[in-house]
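First up is the structure itself, then whatever we jot down about it.
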Amino acid sequence: MSVAEQWRGGMPGPTHNRSTAIRNVSPVKLLAVDTTSERESVALADDLVVLAEARVRAHGHSRQLLPAIEFVLRASGIDAMEIEGYAVTVGPGSFTGVRVGLSTVQGLALAAGRPCLGVSTLDVLAAAITGEAPTLVPMVDASRAGQVFAAVYGPDARRREDPQSVAAEAIAGRVVGPLAIVGDGADRYRSEIVARRPDALFPRRSLYLAAALARLAAPRLAAGEGTSPGALRPLYLRAADIRRSGP
């Protein structure tokens, strides 16, 4: 596994009840997984404190995800059964990545009897730039010419409009007033956006999202918003591209 960046800190806590019943607890230790883009990442957090993180440039999500999870467990000195909750980005993003992330988290959580939380990739990106402007527009590259997956949020990262597949400059152009834009879609189509909205802000944020996901998910899981693994659902905004093989 090629880990782009990794770090560790903190001390392991006590071992917890290993009951396999699905139950909503106030999680102390949380494993967060993001495989919605080529910037795959895994983070292990103790409430809002990230203890260990693995960042990988994904060339095969299924091959690198489990080694990344094993790395953060070793780096933090925490046993897998001490994890009390799981969080995963459910899309939009790479269709293959979303499927791999969800199925992996579902399997781990089911085996451990722990609750899960699925979070939109756009929600995580919006939360990362909270307060940067009156309107926040996270954008995920849709891997289709000119298109991004995007949504409009208020300054507190509360969603104002449903996610959609749209031209990057079109959604930026119809926003009234100052706006901040973030995400790999914003990076890819920055020139098109600036041509329509030269006043747009582009706050610099890491696009390895697992640590931000962990901080966003921890209080929600503590509040009882966790679900059973089987209740997790992907967020797809368009059908997958299917290419015919052969001549």
Tally time: how many residues in the range 40-67 are touching an Asp or Glu at 6+ places or on another chain (Cβ under 8 Å) and either surrounded by 24 or more Cβ atoms within 10 Å (Cβ to Cβ) or at pLDDT 95 or above (or both)?
9
If I filter the range 159-178 for residues that are within 20 Å of P234 (Cα to Cα), outside the structural domain of G226 (by TED's automatic domain parsing) and either in contact with a His (Cβ under 7 Å, 6 or more places away or on another chain) or surrounded by 20 or more Cβ atoms within 10 Å (Cβ to Cβ) (or both), do I get at least one hit?
yes
Condition met for V105 (touching a His at 6+ places or on another chain (Cβ under 6 Å) and in the same structural domain as R39 (by TED's automatic domain parsing))
no
Among the charged types (D, E, K, R) and within 14 Å of the chain's Cα centre (by Cα), is that true of D156?
no
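Based on what the data block shows, is I78 more than 22 Å from A142 (Cβ to Cβ) and not in a helix (DSSP H, G or I)?
On the way: more than 22 Å from A142 (Cβ to Cβ): yes; not in a helix (DSSP H, G or I): yes.
Against the criterion (more than 22 Å from A142 (Cβ to Cβ) and not in a helix (DSSP H, G or I)), I78 qualifies.
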Just checking, which of P219, P247 is assigned by TED's automatic domain parsing to the domain that holds V33 and either modelled with pLDDT under 95 or surrounded by fewer than 20 Cβ atoms within 10 Å (Cβ to Cβ) (or both)?
P219
Looking at the range 222-232, which of its residues are touching a residue at least 40 places away in the same chain (Cβ under 8 Å) and either surrounded by 21 or more Cβ atoms within 10 Å (Cβ to Cβ) or out of contact with any Gly (no Cβ under 7 Å at 6 or more places or on another chain) (or both)?
A222, G224, E225, G226, T227, S228, P229, G230, A231
Residue list for the range 129-158, restricted to those being crowded, with 16+ Cβ neighbours inside 10 Å, free of Cβ contacts under 8 Å to residues at least 40 places away in the same chain and either in contact with a Lys or Arg (Cβ under 9 Å, 6 or more places away or on another chain) or under 17 Å from L235 (Cα atoms) (or both):
Q147, A150, A151, V152, Y153
If we only count helices (runs of 4 or more DSSP H) wholly inside the range 151-247, which ones have 3 or more residues that are under 16 Å from I129 (Cα atoms)?
184-188, 210-222
What pairs come up if the first residue lies in the range 171-182 and is without any contact (Cβ under 8 Å) to a residue 40 or more places away in the chain, the second is assigned to a helix (DSSP H, G or I), and their beta carbons are under 7 Å apart, counting only those six or more places apart or on different chains?
A172/I193; A172/R196; G173/R196
Could you run through the range 119-150 and say how many residues are touching a Ser or Thr at 6+ places or on another chain (Cβ under 9 Å), within 27 Å of G85 (Cα to Cα) and not in a helix (DSSP H, G or I)?
4
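The values are calculated or read from the model by the stated rules, or taken from the named source; none is laboratory data. This structure is a prediction, so every number in the text was calculated from the model and none was measured. Every residue, glycine among them, receives a Cβ derived from its backbone with ideal geometry; neighbour counts consider all protein chains shown.
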